[in-house]
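Here is the structure we will look at, set down as structure tokens.
Where a number appears in this text, it was derived from the coordinates with a stated rule and is not lab data. As the structure is a computational prediction, the values presented were derived from the model and not from experiment. Cβ atoms come from the backbone with ideal geometry, glycine included; neighbour counts cover every protein chain shown.
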Amino acid sequence: GRKSTVSRLLQYLYQFLPHSSSPSLPGPPSLFLLGNMLDLTNEHLPIHLTNLAQRYGSIYRLKCGNTTMVVLNSSDVIREALVKKWSDFAGRPHSYMGNIVSGGGYSISLGNYSEEWRAHRRLVHSALQRCCQQSLHSVIERQALHLRQVLMGYGGSAADLSEDFTVAASNVITTLAFGKEYDKSSVELQRLHSCLNEIVALWGSAWISALDSFPLLRKLPSPPFARLLKEVARRDDIISTLLNNYKSQDKKSDSTITSSILQGLDKCRSKTHGVLLTDTHVHMAMVDLLIGGTETTAAWLNWTVAFLLHRPEVQCKVYNEMCKVLEGRYPKYSDRHRLPVLCAVINEVLRLRPVAPLAVPHRAIRDSSIAGYFIPRNTVIIPNLFGAHHDPAVWSDPYHFKPERFLEGGGGSMRALLPFGGGARLCLGESVAKMELFLFTAYLLRDFQFIPPENEASLPNLRGVASVVLKVKSYKVIACPRPVA
Ligand code: HEM
């Protein structure tokens, strides 16, 4: 009643008081929408935020409409917030659209920090770990060989491989989840593919973000919003069907993530206390894994080929290293310690083009501080991973592709490499992704030499297009089969 009104009033007034113990955060003048800023600069958002860090430092505030965000641009400040003070910054911003896409906040990626969320994440994480140990390696090997067949099928003609990479990455997840992969006969998975693509594209669109910031706009008719609702409903339909089929086949003892999650769910239910997780949690975990695990891995593969087209001598080095170490056989993940050049290339692509360049926004769940600045509860935090990976204080020649920096003393530091974020919200698929990046790249570079079509003018543009995922502009490449060893 009256007490809470008074305390709300005090809280309201408190935000206008100067916090004398801490300096106020620097930052550029307020903006109406982030899009305005980009129109002026002609750069994508991660580059623009990184440029602002040169002027305002590794932590600054950005006022946009009625939201204030704090952007973190170095590995030190990102680690302080996400790892050291993880329990202060493990929240996600409240978002009208996020709520719609995550089925009311039930997804791991967009769900708010709570006991229920922790139990959900723990359940899916242990299912993933179990799967990683049991079947992931063979699932990826199978998809890598399948990808090899697809590239062979181009017969040396130039092709855009992005769709093939997407199918390969998506198949890894659908095999892990349901024991199913995409082929011409699997209409369900084809529909799921196109539907998730559409949701991610709409999610990144300016109109949809504007609906989040300006509630009044929601009263107007909006075709993109109507489409988003339709696609979300379609997604939920397909996933429910897949899950119901799965359950009716009584496959609870196979080695898929779904079976492991369902078993975990039963255990959770049988406990007298603790959080109650339901089928909705299983459903949304599938959405998280499919969305989190497809475009990211595919975009990364596409970047790697793009960089290697620019630097054929690096491609040669990786190939020679594999010939020497593997003597003709295909690699296993356990060979990675004996293939330092390949690992250096993987890390350098993760550094230069972290495919989730701004991670996912975090929210302060209580008053806290970063780098000595006071950060009030509910502040939105943007970890600019792209910026941290281009910090000249850590990386020598930060804008150049130099895999050798990860071999002895090449100017950089593994500690400052944060492509998967860190702390409570660390990418849930990190171990899956690492094995995929290693095996797919090793298989591809063992069997093919990638060369640009015709002449130098057709080399891919390396600047990138950023929405939620940082992608390379589409390009064509020739995959020349290597002579059989
Ligand atoms: C979250 C990067 C692959 C599932 C994230 C975040 C980043 C990231 C930066 C946000 C962390 C934060 O909020 O601070 C990447 C990269 C990948 C990759 C660079 C590949 C190159 C995958 C894969 C999966 C996956 C293969 C699934 C198998 C997720 C999920 C989240 C997430 C579920 C949300 C975690 C949470 O909010 O607690 N990823 N990811 N990711 N990723 Fe990944």
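Some points to look at:
- Cα gyration tensor, region 283-350 - rounded (a/c under 1.5), prolate or oblate: oblate
- Neighbourhood net charge (13 Å Cβ-Cβ; Lys/Arg +1, Asp/Glu -1) for ASP397: 0
- Global geometry of region 325-461, whether rounded, prolate or oblate, following the gyration tensor of its Cα atoms and the 1.5 cut on a/c: prolate
- Residue-count net charge about THR166 - beta-carbon cut-off 12 Å; Lys, Arg +1, Asp, Glu -1: -3
- Shape of the chain, Cα gyration tensor, a/c cut at 1.5: oblate
- Positive-end ranking of LEU202, GLY155, LEU459 along the dipole of the chain, with charges on Cβ about the Cα centre, is headed by LEU202.
- The residues neighbouring ARG329, those whose beta-carbon lies less than 15 Å from its own, together hold a net charge of +2 under the Lys/Arg +1, Asp/Glu -1 convention.
- Counting DSSP beta bridges with both ends in the chain, the antiparallel % (nearest 5): 80 percent
- Multiplying the residue separation of GLU115 and LEU31 by 0.36 nm and removing their Cα-Cα distance gives an extension gain of 26.6 nm.
- Which of SER135, SER87 has the fewest Cβ neighbours within 10 Å, and the rest in rising order: SER87, SER135
- Taking MET284, MET414, MET152 and counting other C-beta atoms within 10 Å, the order from fewest to most: MET414, MET152, MET284
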